[in-house]
Structures are given as C-alpha cells and as structure tokens.
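The structure appears below as structure tokens.
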Amino acid sequence: MLADPQYPERPEQNPLAPEIVYGKWGRSYPQHLDNATLLGFSREDMEVLAFLTNSQFRGEMSELDDAGTYFDLTPKKVTQIGTYHYMCTRNNNFSNRSQKGKIVVGMASIMNKVIGINGGMVRIMNSNSSVMIPPGAFSSPLDIQLEEWPQTDCQQLLENMGSSIFGQGETVSNCLVVNPQDNLAQSGMAMEITMDLSKNDAASNIRVYQTTTSSASAWTEVTVVNAEQNMVTFESQGGGLFVAKEDPDLVLIGSVVAACIVVVIILIGTVVYFKRFPGKISRIRHNVGHSYTYVKRSLQSKV
C-alpha cells in the first residue's frame, strides 16, 4: 500500500468511486504494515504480498533481488470497500520508472461486454437489469459497461455528484449506470434498457429519469416501453444514470378511476337485479314507507 499523502492531492474525478481512499498516487513510499489496510486482508496476508514469505527460500531479499518467479496467495475474499492505491517496491526503487496501481471496491454490480454491429446484450448477474442493443445500432465495436447500485446507496451516490433524485414520488429502483454516457446508438435507433423494481404493485405508475455523472443536475424523462409486475423497460439512445420513480399523480388518478369503476359496477348490478326481480323493489318501497310512518308516529306521540 502507498503511504498517506504529504501534500493535498486532487480528489478522485469519478463520483461513483467509494469515498474511502487508502494511499495516494503522489507518494512513492509504502505504508507500514502495522498501519496498512488492503481489501480487508489480514496482516499475515499483506506481509506475504509484500515479502513473498510463503514461497521464498533464502536469498537476498532486502530489495527482492532474489525473489522467485512463482507466487500464489490463494483466493481471498474481499470484505472491505474503498479505493486502494498500491505500488511495487522492487520496480519503484529506481529513478527511471515506477509501478503503481489502484483497486476500487464498491457495492455496485458491474458487467462489461464489447458490442459490435450485430448488437447484443449486457446483463447484471442475478438480476433483470440489462441493456439490449439491436443489430446496426453501433457502427463500430463499443465496450459497454453496466453498473447497478443498491437503492440504499443511490441517494448518497447522487449527493457525491452534487445532485438529488429528480421528480416527486418514491424511488422504486436501484441506480442503473450505462457507460459510455454519450449518444451511442445511430440516428433512429435506440437501446432497450430493463431494470428491476422494488415495489411489485408500482409498475403501472412508473416514470424513468436519466442524467449523467458529469451533469447530474440535468434530468430528462425517457420513454417507458413496458412495465410489468417487478420490472420496467425503456428506450434510450445513449448511456447515463437511470432511476425509476412512482408518480404520485398517477397513483391518485388510478385510485379515483378504480373507485369510479367499483361504483359503476354496483349501479349496473343493482339495475340488473331489480329488472330480474321487479317485486323486490316494491317490497323495499313498502318497508321503507312503513318505517317512515312508524318513526313519524313515534315522534308525534312524544311531542
């Protein structure tokens, strides 16, 4: 791991990157193992990475001169999010070259695929979220990246970009990011994007909004093609950040329409019933009139 900065450095330009940063590019000196943090690994694992202690047999190792050509840490589970800047102390020990790297660990699910003129699909594993590119939409191969951020982190993600989720109503989807965030499809063609909904009964009241991570304050509504029980499909010519919201006005309109339908059904049922049994309405009128007369007489006796 690279050591902490001695002087202020320019912040990360990627708003999607985790806020927690370990080490900085500007340093050429490693962090002491006692103070280092790397992907949630143990101190023993970090020591093996630094000094090859699990496979090296003797030799001059003060500058890794006799380091072996084989190394195997074995698979390790990453348990800690953050942006980690690291270096190779062997290749960084000379004035004419350096070797540094960066590992970014976040909560997003990410999938990449190169899509050419024949079209194709990029889909998040264990999710309905996907991008479908029709044949002929791209004039040359493009590396399409799809990111899905949990709904709980979506608001924080936008706050990092100096924005908030546009529009009224409840957010009912994760944040879906399609890169590159430019107009990708040729004129007259569009990509078909599908995203999961967090509310099964919200499909008929959905509006989908789009922005970009470079201008997150500018939101536009995109055309919804289909909304099912737990997913929504919409069209877009370009990439960007997409989020679905439940429109409160559509919910109110739907409730009013449903109530009107119930009233109409009751009225129609009543008319059909009394046409089928005409004697019933006469009996009801007689009973109502009798009750009215009884109440009237009772009131008169009290007066």
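The values are calculated or read from the model by the stated rules, or taken from the named source; none is laboratory data. Predicted model, so just to flag it, every value in this text is computed and none were measured. Every residue, glycine among them, receives a Cβ derived from its backbone with ideal geometry; neighbour counts consider all protein chains shown. In case anyone asks, the SASA skips ligands and DNA or RNA and just uses the protein heavy atoms, side chains included. Shrake-Rupley method; radii C 1.70, N 1.55, O 1.52, S 1.80 Å.
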**OP:** Please go through the range 119-154 and pick out each residue that is open to solvent by 70 Å² or more (accessible area, probe 1.4 Å), more than 10 Å from the chain's Cα centre (by Cα) and more than 11 Å from residue 192 (Cα to Cα).
**Re:** 123, 125, 126, 135, 139, 141, 143
Original post:
Can you tell me which residue in the range 78-102 is nearest to residue 174 (Cα to Cα), limited to those that are open to solvent by 60 Å² or more (accessible area, probe 1.4 Å) and of a type outside the set (S, T, N, Q)?
Top reply: 81
Original post:
If residue 18 satisfies every condition in (1) in contact with a strand residue (DSSP E or B) (Cβ under 8 Å, 6 or more places away or on another chain); (2) open to solvent by 60 Å² or more (accessible area, probe 1.4 Å); (3) at pLDDT below 70 but one, which is the exception?
Top reply: (2)
Subject >> Selection from the range 206-230 of residues that are modelled with pLDDT of 80 or more and not in a strand (DSSP E or B) >> reply: 228, 230
